[in-house]
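Contents: one structure, followed by commentary.
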Amino acid sequence: MPVLPGAEPYRHEGGEVGVLLCHGFTGSPQSMRPWAEYLAARGLSVSLPLLPGHGTRWEDMQLTTWRDWYAEVDRALRELLDRCETVFVFGLSMGGALSLRLAAQHGDAVRGLVLVNPGNKVHGLAAHALPVARHFVRTTSGIASDIAKEGVAEIGYDRVPLHAAHSLRQFFRTVDAELPQVTQPLIVLHSPQDHVVPPADSARILSRVSSTDVQEILLEQSYHVATLDHDAERIFEESWAFVERLAPSPVDGKRSSSGG
């Protein structure tokens with residue numbers, strides 16, 4: 001199936017500092033594109049992949065699982081590590097959970113994490129019915145475009161395929177168990193008014209990671225897709241300051257002869 005206009009993956013060849021950006025469940029790179037372009041304009045190498053089953057039609061997502069989504073960001077991270085001295089991982093919603101697992105699995109290869117409204121659990125009574133309900137009901141209502149800013153829309157599915165939602169629930173459980181393995185510097189930015197992921201998810205993540213360099217920032221003016229909302233510029237600026245602090249000379253374009 002052709003990719004929806006605007007939902008294409010994005011890549012920029014910059015300097016020796018790279019950033020991998022991970023989009024959310026049923027969403028697309030469009031929700032992260034302004035952030036990716038902001039970082040690219042500052043000389044960073046940027047990778048923003050399209051997760052399998054996303055950015056086309058929900059029927060395609062019905063055939064994928066969390067292992068497919070994670071494999072794609074893992075591949076993209078390895079590509080960045082091959083050509084960059086220092087690599088950060090940023091994520092939105094489920095992309096935050098993907099980022100956390102990359103950090104747990106790759107250790108010091110990931111220099112730091114910036115998470116926006118990261119997901120940690122599928123909430124509600126319906127979540128417990130997913131293992132059975134997915135065999136009888138194909139979809140439920142979509143979660144895209146939870147944005148406070150008028151006139152802004154997210155490119156995402158208007159339906160959530162329940163097989164994929166079941167897999168997401170399994171993935172969140174996997175990541176939750178691995179959170180103590182996350183030791184990297186971390187910023188968690190979350191919206192008090194989020195109609196998709198409650199603040200409890202950010203609190204859970206912050207309470208379980210082993211990171212000691214941690215910053216929590218509230219996004220008071222935004223809903224779930226804060227990267228396209230009123231607080232977007234703040235997210236971009238905070239993430240850039242984070243990179244500048246942790247990656248000496250982040251815009252140096254070439255690796256020195258000593259490899260430093």
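The values are calculated or read from the model by the stated rules, or taken from the named source; none is laboratory data. Just so it is clear, the model here is predicted, and its values are computed rather than measured. Quick reminder, even Gly has a Cβ in these numbers, built from the backbone with ideal geometry, and neighbours come from all protein chains shown. Ligands, DNA and RNA are stripped out before the accessible areas are found, and what is left, the full protein with its side chains, is counted by its heavy atoms. Shrake-Rupley method; radii C 1.70, N 1.55, O 1.52, S 1.80 Å.
Scanning segment 51-68 for residues that are open to solvent by less than 30 Å² (accessible area, probe 1.4 Å) and over 9 Å from ALA164 (Cβ atoms) yields LEU51, HIS54, GLY55, THR56. Residue check: GLY112 meets all listed conditions (1) closer than 24 Å to SER249 by Cβ; (2) in contact with a helix residue (DSSP H, G or I) (Cβ under 6 Å, 6 or more places away or on another chain); (3) open to solvent by 10 Å² or more (accessible area, probe 1.4 Å) but one, namely (3).
Of all residues in segment 230-248, those satisfying the criterion of being free of Cβ contacts under 8 Å to residues at least 60 places away in the same chain and surrounded by fewer than 21 Cβ atoms within 10 Å (Cβ to Cβ) are GLU233, ARG234, GLU237, ALA241, GLU244, ARG245, PRO248. The set of residues in segment 205-225 that are out of contact with any strand residue (DSSP E or B) (no Cβ under 8 Å at 6 or more places or on another chain) and open to solvent by less than 50 Å² (accessible area, probe 1.4 Å) comprises SER222, HIS224.
Filtering segment 2-50 to residues that are closer than 15 Å to LEU92 by Cα, open to solvent by 10 Å² or more (accessible area, probe 1.4 Å) and of a type in the set (Val, Ile, Thr) leaves nothing. For segment 168-192, the tally of residues that are buried (at least 21 other Cβ atoms within 10 Å of the Cβ) and of a type in the set (S, T, N, Q) stands at 2.
Within segment 30-42, the set of residues being in contact with a strand residue (DSSP E or B) (Cβ under 8 Å, 6 or more places away or on another chain) and more than 16 Å from ASN117 (Cα to Cα) comprises ARG33, ALA36, GLU37, LEU39, ALA40.
For the criterion of being at pLDDT 85 or above, touching a Gly at 6+ places or on another chain (Cβ under 8 Å) and either acidic (Asp, Glu) or farther than 17 Å from ARG208 by Cβ (or both), ARG111 fails. For segment 168-180, the count of residues that are closer than 27 Å to TRP58 by Cα and in contact with a His (Cβ under 8 Å, 6 or more places away or on another chain) is zero.
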